[in-house]
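*Asks:* I am attaching a structure below and will ask some questions about it afterwards.
Values quoted throughout were computed directly from the atomic coordinates according to the rules given, and no laboratory measurement underlies them. Just so you know, these numbers come straight off a predicted model, no measurement behind them.
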Amino acid sequence: MTKPLKIILYAVLFFPLIFTGVGMLAFVQIFLRSKEFTQNDFYFGLAFGLFLWITETNVVISLIKGNYKA
């Protein structure tokens, strides 16, 4: 596979983690603190999800290259 194709594949595989981060924070905000889910919470969730996505993608790329020692 060419390098751009691999990057696109990783992006497609791990993009849902962004929504996982938003979903987790929405759950915490709405159900545990019983307050409304505001736009700031959405942005914070998006940033958290992006952080998870970058971390997971780095781990997977390292595993594929064989650099990551589990």
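*Asks:* May I ask you to compute the full-extension gain from Leu63 to Phe44, defined as 0.36 nm times their residue separation minus their alpha-carbon distance, rounded to one decimal in nm?
*Replies:* In short, 4.0 nm is gained.
*Asks:* Using 0.36 nm per residue of separation minus the Cα-Cα distance, give me the extension gain between Met24 and Ile54 in nm, one decimal.
*Replies:* Working it through step by step, the gained length comes to 9.1 nm.
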